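Before any comments, here is the structure.
Where a number appears in this text, it was derived from the coordinates with a stated rule and is not lab data. What you see is a predicted model, and the numbers here were worked out from it, not measured in a lab. Note that we place each Cβ from the backbone using ideal geometry, even for glycine, and neighbour counts take in every protein chain shown.
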Amino acid sequence: ENSLISGGTEVEGTVINSVIGSTVKIGKGAIVKDSVIFSNVEIGDNAVINYSIIDENVKIGAEAVIGDEKADDAKIAVVGRGCTIGKDCVIKNCVISSDVVIADGTHLENLIVDKHASVLHIKEIVADPENPGYVKRGDTL
């Protein structure tokens, strides 16, 4: 609905007001709304992507939630190239740099995660929107 979807993309979910690159796979029941998804991205079943930019070669697990519904005070979520976001994750108002791994069931809000970092052992980091948290390059939490 009101979207641009490139060739080679498989959509089994719903796409609204978005731009989808080539060779993207959007799983069953997944919703992509008000977002830009670059090429070669896999979005798992029942995942929800709102008001986000997802770079190429990203894997997003089933039931993950990236971004917030678009509203006056909504902040955009950005997921960098080559990231893996586990199933059941919640990522809101975050900038996730390239090659980051986030384990299943992790909840991150108001955070900057620098490249090559991994959030594997901590299940929730919620920082103040006025003073976002920061995970250093290459750190494993």
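Could you compute the FRET efficiency for ASN17 and SER39, with r as their C-beta to C-beta distance and R0 at 22 Å, rounded to 0.05? That pair, ASN17 with SER39, gives E of 0.70. With a Cα cut-off of under 19 Å and a minimum spacing of 8 residues unless on different chains, the lysine pairs in region 59-110 number 4.
Normalised by the number of residues in region 1-87, the mean separation of alpha-carbon contacts (under 8 Å, six or more apart) gives a relative contact order of 21 percent.
FRET efficiency for the THR140 to GLU69 pair, using the beta carbon distance and R₀ = 41 Å, is estimated at 0.80. Got the relative contact order for region 76-123 handy, in percent, Cα pairs under 8 Å and 6 or more residues apart? RCO, region 76-123: 35 percent.
If Lys and Arg each add +1 and Asp and Glu each add -1, what is the summed charge of the other residues whose beta carbon sits under 13 Å from the beta carbon of ALA64?
Details: positive: LYS59, LYS87, LYS92; negative: GLU42, ASP45, GLU63, ASP88, ASP104.
So the surrounding residues net to -2.
Roughly what % of DSSP beta bridges within region 1-132 run antiparallel, to the nearest 5? Working shown, then result.
On the way: 1 of 43 bridges.
Taking every DSSP beta bridge within region 1-132, about 0 percent pair in antiparallel fashion.
Matching the structure-derived P(r) over Cα pairs in 10 Å bins from 0, in percent against the labelled list [x] 11, 36, 28, 13, 8, 3, 0; [y] 14, 48, 30, 7, 0; [z] 11, 39, 36, 11, 4, 0 gives the label [y].
Label separation (ASP128 vs ASP104): 3.6 nm, computed from points 7 Å beyond Cα along the C-beta direction. Taking GluC sites (Glu not before Pro) as exposed when DSSP calls them loop (any state but H, G, I, E, B) and at most 16 other Cβ atoms lie within 10 Å, what is the longest stretch of the chain free of them, the sites themselves excluded? Maximal segment without exposed cleavage sites: 70-129.
Please give me, ordered by residue number, the trypsin sites (Lys or Arg not before Pro) of region 1-85 that lie in loop per DSSP and have at most 13 other Cβ atoms within 10 Å.
Values: sites: LYS25, LYS28, LYS33, LYS59, LYS70, LYS75, ARG81; in loops: LYS28, LYS70, LYS75, ARG81.
Taking region 1-85 and a limit of 13 other Cβ atoms within 10 Å, the loop trypsin sites (Lys or Arg not before Pro) found are LYS28, LYS70.
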